[in-house]
């Protein structure tokens with residue numbers, strides 16, 4: 001048991017170090033550096049809320065925050081899964097020369113995207129103050145919501161990373177898929193403005209579920225329907241299990257393929 005704990009600590013040390021180096025490299029590539037992580041979702045919120053508030057007729061209170069939370073969660077899904085998809089191939093030299101579990105390189109991308117999402121959330125504080133939104137006890141629910149979301153994303157990342165090793169064109173297909181998710185995840189378009197026949201289907205979308213739960217807990221101080229919790233939990237269990245199964249089954253083949 002003690003040896004396992006030591007290994008886990010070593011793995012997390014590697015994840016933090018690799019994440020720090022990549023973050024530093026990304027910061028060095030832009031003049032704005034860390035501030036860009038905060039400004040980026042704010043600009044999306046500003047543009048989309050101003051445009052759609054004048055185009056779409058809706059009765060959503062605090063629409064800019066509605067947009068901000070949706071865009072931030074959607075970006076986390078997109079950045080984490082896309083980064084995880086390329087993580088094994090991009091680190092093939094390191095993987096073949098070390099004894100580290102290949103899952104670490106996938107989770108590192110999820111961890112990096114999660115940190116960026118937390119940085120982006122900094123911009124939410126003054127926005128909530130401007131709209132006089134108070135944080136209530138329901139904000140504690142963000143912990144299980146984000147935990148389930150990370151499990152979902154990591155499972156998706158493992159599946160995509162394995163698929164990308166064998167079929168590189170999946171990167172283009174997934175890019176198109178995530179572009180579609182931009183419009184049907186409820187990130188900035190209220191679900192009641194989408195065709196009614198699609199409502200029941202869209203409520204099974206894990207991205208929509210994460211956004212819905214976060215908004216109710218943080219912005220609206222409302223209890224979320226138990227089915228939303230149940231669906232997101234089912235997604236977490238299924239994707240985690242499938243990702244683990246495929247990773248164990250294909251681990252040797254992945255290393256040989258690279």
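State whether one or more residues within the stretch 207-224 are surrounded by 14 or more Cβ atoms within 10 Å (Cβ to Cβ), assigned to a loop (DSSP other than H, G, I, E, B) and in contact with a helix residue (DSSP H, G or I) (Cβ under 9 Å, 6 or more places away or on another chain). Looking through the stretch 207-224, at least one residue is surrounded by 14 or more Cβ atoms within 10 Å (Cβ to Cβ), assigned to a loop (DSSP other than H, G, I, E, B) and in contact with a helix residue (DSSP H, G or I) (Cβ under 9 Å, 6 or more places away or on another chain).
If I filter the stretch 177-199 for residues that are at pLDDT 95 or above and closer than 22 Å to residue 146 by Cα, do I get at least one hit? No: zero hits. A residue that is in contact (Cβ under 8 Å) with a residue 40 or more places away in the chain, under 17 Å from the mean Cα position of the chain (by Cα), in a helix (DSSP H, G or I) and more than 20 Å from residue 237 (Cα to Cα) can be found somewhere in the stretch 180-202.
Of all the listed residues (38, 67), the sole one being at pLDDT below 75, closer than 25 Å to residue 215 by Cα and in a helix (DSSP H, G or I) is 38. Scanning the stretch 93-124 for residues that are at pLDDT below 80 and assigned to a helix (DSSP H, G or I), we see that the one that is farthest from residue 157 (Cα to Cα) is 97.
I need the full set of residues from the stretch 128-141 which are surrounded by fewer than 16 Cβ atoms within 10 Å (Cβ to Cβ), in contact with a helix residue (DSSP H, G or I) (Cβ under 7 Å, 6 or more places away or on another chain) and assigned to a helix (DSSP H, G or I), in order please. Of everything in the stretch 128-141, just one residue is surrounded by fewer than 16 Cβ atoms within 10 Å (Cβ to Cβ), in contact with a helix residue (DSSP H, G or I) (Cβ under 7 Å, 6 or more places away or on another chain) and assigned to a helix (DSSP H, G or I), namely 139. Every test in (1) at pLDDT below 95; (2) over 17 Å from the mean Cα position of the chain (by Cα) is passed by residue 230 save one, and that test is (1).
Scanning the stretch 118-143 for residues that are closer than 23 Å to residue 82 by Cα and without any contact (Cβ under 8 Å) to a residue 24 or more places away in the chain yields one hit, 118.
The values are calculated or read from the model by the stated rules, or taken from the named source; none is laboratory data. Keep in mind that this is a model prediction, so the values were computed, not measured. Don't worry about glycine lacking a Cβ; one is built from the backbone with ideal geometry, like all the others, and counts go over all protein chains shown.
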